[in-house]
1. In terms of the Cα gyration tensor, with a ≥ b ≥ c the square roots of its eigenvalues, is region 9-69 rounded because a/c is under 1.5, prolate because a/b exceeds b/c, or oblate?
2. Would you mind checking which residues have amide H under 5 Å from VAL63's amide H? H placed 1.01 Å from N; only 5 or more apart, or other chain.
3. Tabulate in residue order the Karplus-calculated ³J(HN,Hα) for region 82-95, using 6.51 cos²θ - 1.76 cosθ + 1.60 with θ = phi - 60°, rounded to whole Hz; enter x for Gly and Pro.
4. For mean projected area of the Cα convex hull in nm², the choices are (i) 10.1; (ii) 16.6; (iii) 13.7; which was calculated from the structure?
5. Given a Förster radius of 25 Å and the C-beta distance between SER219 and ARG72 as r, what FRET efficiency does 1/(1 + (r/R0)^6) yield to the nearest 0.05?
6. Identify which of GLU37, GLU206, GLU129 has the largest mean-square fluctuation in a Gaussian network model of the chain, with springs joining Cα atoms closer than 10 Å.
7. Using each residue's phi in region 33-46, evaluate 6.51 cos²θ - 1.76 cosθ + 1.60 at θ = phi - 60° and report the 3J(HN,Hα) Karplus result to the nearest Hz, with x for Gly and Pro.
Amino acid sequence: MNAKSIPDKELQSFLYRALLGRIIRGEFAPGQRLVEEELARTYGVSRTPIREVLLAFAQDGLVERVRNCGARIVAFTAEDVEELYDIRKALEIHCIPTVVRTIKVNELLELQHRLEAADGKSGSGLLEEHEIIDLKLHHLIVENSGNRRLIAQMRKLSLLIESLQLTSFIDDDQARTTGEQHLAIVRALLCRDVDLAQRLLAEHIEYGKCNVLQMFIKSAYQQEFARSE
């Protein structure tokens, strides 16, 4: 998989998600060493972006840095996923009372228009559009909270959570369900309905968590089956 064509500003996110997907699929086992030189050759990049991703992995608890040994994989489990999504839900729901007062109407209308227009798409175009909208909506909710510490905390977790979410986007039905949830949240925010927006956001995050957990369970089953052959 060559990443030379990826723009520099998107390269770290691309590599992070690609390597995270391989961890989830069991291609890297707990305790296995990740070698910068090998990964750089695999993705056709220099060691610098690989090193940056491994540092981000260390901050997110996916690898541990061992002196003179580099980075080793740390077990990442379904329990970790549950904890991450529970944190996300608690913090983002906390944002809503402030967000309904501070978020700009034109930003919500833009999202509403994009969501309505996405109905005519399918396949990779539909998935990519809903991936973009998902990132945009959750960023708007957090950034409009006005809480500097909450924003800083969510920024630390954002790449891991977003990568898990996007890795779990697999088909049109799932993307359309996610889009319907996004549209309902946007309309609740436009109506300044705090209770409804909080309920819809909680349901949406739980739906995302279930999709990621199903992906984990499927991957674990496939790994177990492969070992038993």
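Read-outs: derived from the displayed coordinates by stated rules, not from any lab. As the structure is a computational prediction, the values presented were derived from the model and not from experiment. Every residue, glycine among them, receives a Cβ derived from its backbone with ideal geometry; neighbour counts consider all protein chains shown.
1. Because its axes are fairly even, with a/c under 1.5, region 9-69 counts as rounded.
2. ALA58, VAL74
3. Computed from phi, the couplings for region 82-95 are 4, 4, 4, 5, 5, 5, 4, 4, 4, 6, 5, 4, 4, 6 Hz.
4. (iii)
5. 0.80
6. GLU37
7. 7, 9, 9, 4, 4, 5, 5, 4, 5, 4, 9, x, 10, 6
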